[in-house]
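The values are calculated or read from the model by the stated rules, or taken from the named source; none is laboratory data. All values reported here derive from a predicted model rather than from experimental measurement. FYI the Cβ positions are ideal-geometry reconstructions off the backbone, even for glycines, and counts take in every protein chain you see.
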Amino acid sequence: MDPHNSLNSQQQQAVMAGLGPVLVLAGPGSGKTRVLTQRIAYLISSMGVRPYNILAVTFTNKAAREMESRLTGLLGGSTQGLTLVPFHAIYARIMRREAEHLPFKADFVIYDADDQLSLVKQAIKELNLDEKRYRPTVIHAQISNAKNDLRLPDDYLVQDYRDEITQRVYRLYRDRLLANNALDFDDLLLWMAYLLEENRPIRERYARRYEHVLVDEFQDTNLAQYALLKHLASFHENIFVVGDTDQSIYRWRGPDYHNVQRFEKDFPATQVILLEQNYRSTQTILDVAMAVIDRNPYRTPKRLFTERGQGQKVTLYEASDDRVEAAYAVDTIATLVKLEDYQPGAFAVMYRTNAQSRMLEEAFLAHNLPYKLVGAQRFYGRREIKDVIAYLRLVQNPQDEISLARAINTPSRGIGSKTYLALRTQAQKTRVSPGELLVQLANDSQSPVWGALGGRAAAAISAFSSLLAKWTQARDGLSPLMLMDQILDDTDYHSYIDDGTDEGNDRWENVMELRRLASEFQDQGLTAFLEQIALVSDQDTLEASANAPTLLTLHAAKGLEFPVVFIVGLNEGILPHSRSTDDPEEMMEERRLFYVGITRAKDRLFLVCPQQRNAYGYLGPVEESRFLADIPDELISTTGRLRSSPGRATATYRPERWQVPAQNAAAVLQPRYQPGMRVQHPTWGEGMVLNSRVDSDDEIVDVFFKEIGLKHVAASLARLEIKP
DNA sequence: ATGGACAATGTTTTT
DNA sequence: CATTGTCCAT
């Protein structure tokens, strides 16, 4: 952000734009969040708009919170009543309020990706389909796409037999969700759009209320979200959207950056404002970014510029394999912290796939250096966390069969698949869900169900039934934390999960962490707690407090910035990913992804690619990413093997701890360079020796040059001069 | 009903 | 290779 508290003329134009539709096309680092918050502040304090009449939506909690805190800084407490929330959260909230107009109840639960997949699997099985032929993940993706295009099962586009199958699964999946009183992520948009579409009074109520609608990251909205926004803005038509088509990286999730063009078409009176001045990066980094993105066809070229000056060149390092790649990143970070006074928190290492983080984590661990890993999945996907959440969800909504199936025999209490099936059959007879039947059974010792179950099964069911009934009754009187403690206690979960091993210990620690999270919802209730958990984004888990380098995927990096950025794994098949190489649209998205990564960097950018990579457990050669060829040579300084002369053997970076020892036992060569020595190189300038070792009749010196960073030079070739 | 052993099978990104 | 599912012995 710019140090002066003033807006440039384009920003000002955006902030003070008049009524009607406004489209702000904001390049990376151009002060997009700033414009949004200033706009809200302007509406409230200068235009006299009541906060109650403003709706501002973001994609993540983090973005919403950040805007909120900035607004509080600008306006103090006078933002009371403002709706500033993530997309999914606001729709969940509205739908709970309006549940009577919808085919589900107000206490619905939100299914995560795992739950959704189980439900699809269940549907496929029920329809007697072959899981091999009809892969659940593929079918699920198709259903999700249909929902994002606002297609209900009846409107599902059927062109061949496969589509027909998908349609049948979709229908059953939809029915199962409703029977479970559960929504998936797409439903939050789909049903909300349905509600506004079908129910005019409700639509008008909200559309009248929201005099101003503001949207962040507009390029990532899908058709459903777009339709929704149009409805919400349909009365006043004051819709202010901010986005950057070059940063559209969620195409597979339904978003369609053509929405930006659609917007201009749907709202012909749109004022379009371009923000091109960048307040984040050096000009070199921007030039690299533009060189990469300019290769994408059909885009409005943007000239990104900055007043920050040229800055240092971007460093390209070719590592021998992905282990060395990780070590290089960690070593360079350690060096920069030591020699250039960078804070450890100033660094980020970005990669294409989550699997790539492992190698990096190991490298950090080997250096004994702390790091932060972005990724909610890592926590909420854990078995013990899913267990406890299943219990809580079941108490909130006994209709939830996915949670029931998980909780009913965890820890094992003698209710296996047979008994569970019997319970389901009995439930079907009286047309209630198994969970509801369980709650009923607790107070009905005369029920014919008992007779239908075997003696041992009946005892087990009875015990669980009383527990569940007890919890559901206590629910409203207890805070989420108290309820959780009660459940943990009643199920003796501690002794189940913590078997005394380190792993068991960790698992219990995780439960305690969840407990801590629950404690923050003392007075908001179970519904709010569960909803928060269902809708956390990866970025939300990023802790600002710890001063350590951040490891994250390129996707998770969007919207963030770091003084020093490493992008690793710049290989064909990784970035661009192999699954994207045959589709030009997807290839363009890979390029945008790289662009997003590059533009996160404020001061320095390191691009790293290994020549070999571990895949399927074997080390195999990999090509360097095609994107690297698009970067002009004069913006890059190269270490490791020089890419202009691929055949030449040069010093390869190899951190000491992986050095094969005693290779030079007979060496007579004495090292001349010592760590800490200052040296001068004719072209690279002044530097400091970090390390030196004798290897194959030559002395290999690691020098950190002030201008260009870490280099590994052979003493016999490099004309190094030792300075006093 | 439970838990372990083995085979198969599959690898992007995420609200 | 690393996870997930299936089969089998207890």
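Among the residues of segment A:427-441, which ones are in contact (Cβ under 8 Å) with a residue 12 or more places away in the chain and more than 42 Å from the chain's Cα centre (by Cα)? Spell out the reasoning first.
In the first step, residues of segment A:427-441 are kept if they are in contact (Cβ under 8 Å) with a residue 12 or more places away in the chain; the result is A:433-439, A:441.
If the condition is that a residue be in contact (Cβ under 8 Å) with a residue 12 or more places away in the chain and more than 42 Å from the chain's Cα centre (by Cα), then A:LEU441 is the only one that fits.
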Here are some residues: A:GLN356, A:GLN312, A:GLN271. Which one is within 17 Å of A:ILE567 (Cβ to Cβ) and more than 28 Å from the chain's Cα centre (by Cα)?
A:GLN312
Selected residue [touching a Lys or Arg at 6+ places or on another chain (Cβ under 7 Å) and of a type in the set (Val, Ile, Thr)] from A:VAL388, A:VAL349, A:VAL395, A:VAL374
A:VAL395
Residues A:SER417, A:SER433, A:SER357, A:SER412: which one is hydroxyl-bearing (Ser, Thr, Tyr) and more than 16 Å from DNA strand C (Cβ to nearest atom)?
A:SER433
Has segment A:123-130 got at least one residue that is more than 29 Å from A:ARG39 (Cβ to Cβ), away from DNA strand C (no atom under 16 Å from the Cβ) and surrounded by fewer than 18 Cβ atoms within 10 Å (Cβ to Cβ)?
no
Hits in segment A:58-114 (condition: more than 16 Å from DNA strand B (Cβ to nearest atom), of a type in the set (A, V, I, L, M), part of a helix (DSSP H, G or I) and under 18 Å from A:PHE185 (Cα atoms))
A:ALA99
Quick check on segment A:601-623: of everything there that is surrounded by fewer than 20 Cβ atoms within 10 Å (Cβ to Cβ), part of a strand (DSSP E or B) and under 27 Å from the mean Cα position of the chain (by Cα), which residue is farthest from DNA strand C (Cβ to nearest atom)?
A:ASP603
Any residue in segment A:443-459 that is within 20 Å of A:GLY414 (Cα to Cα) sitting within a Cβ distance under 7 Å of a residue that is small (Gly, Ala, Ser) and buried (at least 17 other Cβ atoms within 10 Å of the Cβ)? List the pairs, counting only those 6 or more apart or interchain.
A:TRP450/A:ALA458; A:ALA452/A:ALA422; A:LEU453/A:ALA422; A:ALA457/A:ALA422
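Residues A:ARG475, A:ARG507, A:ARG515: which one is of a type in the set (Lys, Arg), surrounded by 15 or more Cβ atoms within 10 Å (Cβ to Cβ) and within 16 Å of DNA strand C (Cβ to nearest atom)? Walk me through it before giving the result.
Working: A:ARG475 fails: within 16 Å of DNA strand C (Cβ to nearest atom); A:ARG515 fails: within 16 Å of DNA strand C (Cβ to nearest atom).
Checking each option against the conditions leaves just A:ARG507.
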Checked against (1) basic (Lys, Arg); (2) buried (at least 18 other Cβ atoms within 10 Å of the Cβ); (3) part of a loop (DSSP other than H, G, I, E, B), A:ARG406 satisfies every condition except (3)
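Give me the residue from segment A:223-280 that is of a type in the set (Gly, Ala, Ser) and within 17 Å of A:ALA26 (Cα to Cα) and, out of that set, surrounded by the fewest Cβ atoms within 10 Å (Cβ to Cβ). Don't jump to the end; show me each part of the working.
Residues of segment A:223-280 that are of a type in the set (Gly, Ala, Ser), as a first pass: A:224, A:227, A:233-234, A:243, A:248, A:254, A:269.
Of the ones still in play, those that are also within 17 Å of A:ALA26 (Cα to Cα) are A:243, A:248.
Working: A:GLY243: 23, A:SER248: 25.
Out of the qualifying residues, it is A:GLY243.
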Contact list please: Cβ distance under 7 Å, first residue in segment A:192-207 and in contact (Cβ under 8 Å) with a residue 60 or more places away in the chain and over 19 Å from A:GLU237 (Cβ atoms), second residue among the hydroxyl-bearing types (Ser, Thr, Tyr) and surrounded by 14 or more Cβ atoms within 10 Å (Cβ to Cβ), pairs at least six apart or on different chains.
A:MET192/A:TYR91
Can you name the residue in segment A:131-144 that is more than 14 Å from DNA strand C (Cβ to nearest atom) and more than 14 Å from A:ARG168 (Cβ to Cβ) and is also surrounded by the most Cβ atoms within 10 Å (Cβ to Cβ) among such residues?
A:SER144
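Can you name the residue in segment A:224-248 that is of a type in the set (A, V, I, L, M, F, W, C) and in contact with a Lys or Arg (Cβ under 9 Å, 6 or more places away or on another chain) and is also farthest from A:ILE40 (Cα to Cα) among such residues? Please lay out each step first, then the result.
Step one: of segment A:224-248, the residues of a type in the set (A, V, I, L, M, F, W, C) are A:224, A:227-229, A:232-233, A:235, A:239-242.
Next, from what is left, pick out any that are in contact with a Lys or Arg (Cβ under 9 Å, 6 or more places away or on another chain): A:224, A:232, A:235, A:239-240, A:242.
Values: A:ALA224: 25, A:LEU232: 17, A:PHE235: 19, A:ILE239: 12, A:PHE240: 10, A:VAL242: 13 Å.
Across segment A:224-248, the extreme among qualifying residues is A:ALA224.
Are there helices (runs of 4 or more DSSP H) fully within segment A:145-222 with at least 2 residues that are surrounded by fewer than 19 Cβ atoms within 10 Å (Cβ to Cβ) and among the aliphatic types (A, V, I, L, M)? List them. Step through it out loud before you land on a result.
Values: elements: A:161-179, A:185-198, A:200-209.
Result: A:161-179.
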Name the single residue, out of those in segment A:333-386 being touching a residue at least 12 places away in the same chain (Cβ under 8 Å) and acidic (Asp, Glu), that is nearest to A:ALA557 (Cα to Cα).
A:GLU361
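State yes or no: is A:GLN522 part of a helix (DSSP H, G or I) and either more than 16 Å from DNA strand C (Cβ to nearest atom) or closer than 25 Å to A:SER412 by Cβ (or both)?
Working: part of a helix (DSSP H, G or I): no; either more than 16 Å from DNA strand C (Cβ to nearest atom) or closer than 25 Å to A:SER412 by Cβ (or both): yes.
Answer is no for this residue.
Yes or no: A:PRO28 away from DNA strand B (no atom under 16 Å from the Cβ), assigned to a loop (DSSP other than H, G, I, E, B) and within 23 Å of the chain's Cα centre (by Cα)?
On the way: away from DNA strand B (no atom under 16 Å from the Cβ): yes; assigned to a loop (DSSP other than H, G, I, E, B): yes; within 23 Å of the chain's Cα centre (by Cα): yes.
When the stated conditions are applied, A:PRO28 passes them.
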Pairs under 6 Å by beta carbon, first residue within 18 Å of A:GLN396 (Cα to Cα) in segment A:97-111, partner of a type outside the set (S, T, N, Q) and part of a loop (DSSP other than H, G, I, E, B), six or more apart or different chains?
A:ALA99/A:LYS105; A:ALA99/A:ALA106; A:VAL109/A:ASP400; A:TYR111/A:ASP184
Only one of A:ASP387, A:ASP400 is within 16 Å of DNA strand C (Cβ to nearest atom), at pLDDT 90 or above and surrounded by 13 or more Cβ atoms within 10 Å (Cβ to Cβ). Can you tell me which?
A:ASP387
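Residue by residue, here is whether (1) within 16 Å of DNA strand B (Cβ to nearest atom); (2) not in a loop (DSSP other than H, G, I, E, B) holds:
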| residue | (1), (2) |
| --- | --- |
| A:ARG299 | no, no |
| A:ARG308 | no, no |
| A:THR315 | no, yes |
| A:ALA319 | no, yes |
| A:TYR342 | no, no |
| A:MET350 | yes, yes |
| A:LEU360 | yes, yes |
